[in-house]
Amino acid sequence: MCARETDWYKEMSFYQIWPRSFKDGNGDGIGDLYGIFEKLDYIKDLGVDGIWFSPLYVSPNADYGYDIADYRKISPEYGDLDIFKKVLDSAHDRGLRVIMDLVVNHTSDEHEWFRESSKNRESKYYDYYIWRKGRSGGRLPNNWDSLFEGLAWTYNKDLDEYYLHIFAVKQPDLNHDNPLVREEVKDIMRFWLDMGIDGFREDVITFISKVPGLPNSKSPIPVGRGLRYYSNGPRIHEFLGEYKKDVLDHYDCMVIGEAPIMKPDIALAYIDESGAKGLDLMFHFQHMEADCLYIDYVPRPFSLRKLKRAFTRWQEEINGRGWNTLYLENHDHPRIISRYGSEKFRTESGKMLAASFLFQQGTPFIYQGQEIGMTNIYLETIDEYKDVMTKNEYAKKKRWSEEKKMNLIRRATRESSRTPMQWNAEKNAGFTTGEPWFTVNPNYPEVNVEKEEADEKSLLNFYRKALKVRKERPVILWGSYKEHFPGSRTFYTYEREYQGARLLVICSFSEKAKKFKTPKGFDLDKGELVLSNYDDNPADNNSFISRPYETRVYLFGS
Ligand code: GLC
Ligand code: CA
């Protein structure tokens with residue numbers, strides 16, 4: 001029996017904080033929990049119901065917190081357990097739930113387990129990680145690629161063996177086949193849940209079970225080799241089931257798993273409510289590929305039809321069996337206005353994008369800065385970027401001209417979402433009184449919280465209204481989903497229906513004027529316009545000519 005009485009996460013929306021860039025409270029240029037504490041009312045006023053913290057733990061920052069050296073301590077850069085508890089209690093006092101990032105596919109190589117592990121084979125910790133001898137002829141244990149830098153193996157002299165790292169060299173993979181590792185994971189979970197947190201976002205959790213023997217990849221493409229041998233691996237459901245039964249079921253909590261290269265039919269094995277699901281929610285990536293191909297970012301022109309196919313597929317296939325997760329931004333992707341919208345029509349397209357995902361069925365996640373329409377940053381040289389993945393993407397393109405490389409980086413880097421949060425038009429956007437650790441986007445005098453708060457028609461106020469409407473209308477929380485005009489290259493149109501109430505969401509992804517014709521069965525004159533991004537909303541005979549990135553949300557029935 002689960003200690004959670006209702007699936008409360010279904011009625012919630014979340015705000016994601018990437019702590020380093022949210023708000024600096026002590027003037028050292030790095031965002032921290034003191035700064036977060038100051039901004040809890042801002043988060044509450046947005047209308048969300050919970051916060052997801054990207055990692056706050058001790059880390060050498062090879063991957064900004066996703067390489068953890070101590071799972072039970074707050075990084076001194078961000079504060080300590082006292083201020084964490086204060087933030088947690090104050091969030092709870094405001095009715096905000098708090099979930100923490102749990103990064104257990106790998107640790108930092110500076111974690112004491114890894115230090116011990118790499119000393120000698122007799123150590124209890126040796127088998128916490130995945131060590132292998134090299135193959136004959138000085139070859140690595142297998143041909144897998146690291147997703148972040150080079151190949152997936154790094155040599156250790158003391159052991160004369162290689163350790164596996166699917167991500168950066170400083171992120172050795174843990175061996176979840178070892179029951180001792182699983183006990184450690186459970187202890188870490190209990191530590192935070194006992195403190196009162198409400199759940200976890202589990203980092204690349206679908207990668208934790210590796211196929212025994214770690215077979216060579218036969219893929220002809222030298223990118224992401226090995227993925228099929230650790231993505232949704234043979235024991236994944238057993239491991240997640242164990243974490244659930246032994247720990248999670250004993251707390252009033254939720255878990256959301258990050259799942260790269262996921263498809264709905266495979267997702268259901270994790271989140272289908274009729275089974276012993278290992279996860280409540282899942283972050284998949286399919287709708288984030290409408291202008292590129294992952295795993296190695298290959299740019300493509302934006303395709304609305306590709307975006308709509310991904311949206312609709314997940315809505316249709318998960319609906320009624322599991323629960324969807326809705327997002328357009330997080331700390332791993334460039335800013336959405338710069339991708340699927342338009343920097344020129346920043347506010348209009350920002351509102352349209354908000355309507356495109358917030359009214360689908362599922363639990364929305366909003367990433368810091370998304371609600372004020374922050375956009376990508378375009379830096380001059382690679383040295384100005386800091387992220388291991390970004391630097392590696394650059395380094396890999398050995399034959400490309402400098403200009404071509406930098407154009408790719410400027411368009412593709414996830415660091416565009418990691419610039420300091422823009423609070424006001426003062427120095428450093430009000431993020432810090434010191435020297436900011438990373439460049440502030442020069443558009444801050446125009447794009448900042450203070451300005452957005454003062455303007456009734458701002459994007460921020462649109463988000464606030466949208467989140468309020470979402471909560472007040474059962475049709476948005478519980479209604480069925482239907483897409484109209486899937487072939488349109490201009491409009492994304494969807495309908496929700498619940499107990500006689502219907503919602504119609506119209507989104508133009510174009511700056512060109514196009515004629516929109518209302519789907520059969522709707523009379524716009526009879527609808528209540530609950531949200532839109534232009535002052536007047538004329539319609540003639542159930543059609544109208546759309547303005548750049550126009551969106552309208554109509555409600556029919558009560
Ligand atoms: C996840 C995180 C990302 C990190 C990677 C390795 O994808 O979201 O930021 O770099 O895992 O931990
Ligand atoms: Ca600080």
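The values are calculated or read from the model by the stated rules, or taken from the named source; none is laboratory data. The structure presented is a predicted model; accordingly, all values stated were derived computationally and were not measured. Positions of Cβ are generated from backbone atoms using ideal geometry, with glycine treated the same way; all protein chains shown enter the neighbour counts. Just the protein is used for accessible areas: all its heavy atoms, side chains included, with ligands, DNA and RNA removed. Shrake-Rupley method; radii C 1.70, N 1.55, O 1.52, S 1.80 Å.
Taking only the alpha carbons of the chain, what extent do you get along each of the three principal axes, in Å, biggest first?
Per principal axis, max minus min of the Cα coordinates gives 78, 53, 52 Å.
For residue 221, tell me the accessible area in Å² from a 1.4 Å probe, rounded to the nearest 10.
100 Å²
How many angstrom separate the Cα center of segment 498-546 from the Cα center of segment 180-198?
Centre-to-centre (Cα) distance: 48 Å.
Could you report the accessible area of residue 381 in Å², rounded to 10, computed with a 1.4 Å probe on the protein chains as they sit in the structure?
Rounded to the nearest 10, that gives 60 Å².
Taking the alpha-carbon distance from residue 133 and a cut-off under 26 Å, which lysines remain once sequence neighbours fewer than 8 residues away in the same chain are dropped?
Those lysines meeting the cut-off are 119, 124, 157, 170, 210, 218.
Taking a probe of 1.4 angstrom, what is the accessible area of residue 484 in Å², to the nearest 10?
Approximately 20 Å² for this residue.
So, counting K/R as plus one and D/E as minus one, what does the shell of residues with Cβ under 9 Å around residue 507 add up to? Walk me through the numbers on the way to the answer.
Details: positive: 552; negative: 550.
Net local charge, residue 507 excluded: 0.
Please enumerate, by chain and number, the lysines with C-alpha under 21 Å from the C-alpha of residue 520, excluding those fewer than 8 residues away in the same chain.
308, 482
Rounded, prolate or oblate: which fits segment 173-226 when a ≥ b ≥ c are the square roots of the eigenvalues of the alpha-carbon gyration tensor, with rounded for a/c under 1.5 and prolate only if a/b beats b/c? Walk me through the numbers before you get to the answer.
Numbers: a/c = 5.68, a/b = 2.16, b/c = 2.63.
It is oblate, given that a/c is not under 1.5 and a/b is not larger than b/c.
Provide the net charge surrounding residue 468, with neighbours chosen by a C-beta distance below 14 Å and charges set as Lys +1, Arg +1, Asp -1, Glu -1.
On the way: positive: 44, 464, 465, 470, 471, 473; negative: 11, 45, 49, 371, 472.
Neighbourhood net charge equals +1.
Which of the aspartates and glutamates could a cross-linker bridge to residue 427, judged by Cα under 19 Å and excluding same-chain residues fewer than eight apart?
24, 28, 32, 38, 435, 446, 450, 452, 453
Placing unit charges on C-beta atoms (Lys and Arg positive, Asp and Glu negative, everything else neutral), compute the dipole magnitude of the chain about its Cα centre in debye, rounded to 20. Could you put the intermediate results ahead of the total?
Values: 80 positive and 87 negative charges, 496 e Å.
Using Cβ point charges on Lys, Arg, Asp and Glu, the chain gives about 2380 debye.
Would you list 551, 347 from the most to the least accessible area, probe 1.4 Å? All intermediate terms of the calculation are to be shown ahead of the outcome.
Working: 551 0, 347 40 Å².
From most exposed to least exposed: 347, 551.
Given the options 75, 340, 390, identify the residue whose Cα lies farthest towards the positive end of the charge dipole of the chain (+1 on Cβ of Lys, Arg; -1 on Cβ of Asp, Glu).
Positive-most Cα among the choices belongs to 340.
For 245, 308, give me the order by solvent-accessible area with a 1.4 Å probe, most accessible first, ignoring ligands, DNA and RNA.
Numbers: 245 130, 308 0 Å².
The ordering from most to least exposed comes out as 245, 308.
As a test of reading the structure, rank 191, 84 by solvent-accessible area (1.4 Å probe, protein chains only), most first. Could the numbers behind the result be given before it?
Numbers: 191 60, 84 0 Å².
So the residues, ranked largest to smallest area, are 191, 84.
May I ask for the distance between the Cα centers of segment 148-168 and segment 66-91, given as a whole number of Å?
So the two Cα centres are separated by 30 Å.
At 1.4 Å probe radius, can you tell me the per residue accessible area of the chain in Å²? All intermediate terms of the calculation are to be shown ahead of the outcome.
On the way: 21580 Å² over 558 residues.
Normalised by residue count, the accessible surface of the chain is 39 Å².
For the residue pair residue 46 and residue 298, what label-to-label distance in nm results when each label sits 7 Å from Cα along the Cα-to-beta-carbon direction?
3.4 nm
So if I average 1/r over every pair of distinct C-alpha atoms in segment 1-120 and take the inverse, what Kirkwood radius in Å does that give? Spell out each step's value before the answer.
Working: mean 1/r = 0.0645 Å⁻¹.
In segment 1-120 this quantity evaluates to 15.5 Å.
In the chain, with Lys and Arg counted as +1 and Asp and Glu as -1 at Cβ, which of these residues, 138, 123, 95, has the Cα nearest the positive end of the dipole, that is, farthest along it?
138
Using C-alpha positions alone, give me the convex hull volume of segment 478-556 per residue in cubic angstrom. Numbers along the way, then the final one.
Values: hull volume 7.0 nm³, N = 79.
Dividing the Cα hull volume of segment 478-556 by its residue count gives 89 Å³.
For segment 262-329, state which GluC sites (Glu not before Pro) are in a DSSP loop and have at most 14 other beta carbons lying within 10 Å of their beta carbon. Walk me through the intermediate numbers first.
Values: sites: 273, 289, 316, 317, 329; in loops: 273, 329.
For GluC sites (Glu not before Pro) across segment 262-329 that sit outside H, G, I, E and B with at most 14 neighbouring Cβ atoms in 10 Å, the list reads 273.
Can you tell me how segment 410-558 classifies by the Cα gyration tensor, rounded, prolate or oblate, using a/c under 1.5 as the rounded cut? Walk me through the numbers before you get to the answer.
Details: a/c = 2.34, a/b = 2.01, b/c = 1.17.
Prolate is the answer for segment 410-558, as a/c is 1.5 or above and a/b outweighs b/c.
Could you tell me the distance between the Cα centroids of segment 243-321 and segment 1-33, to the nearest Å?
20 Å
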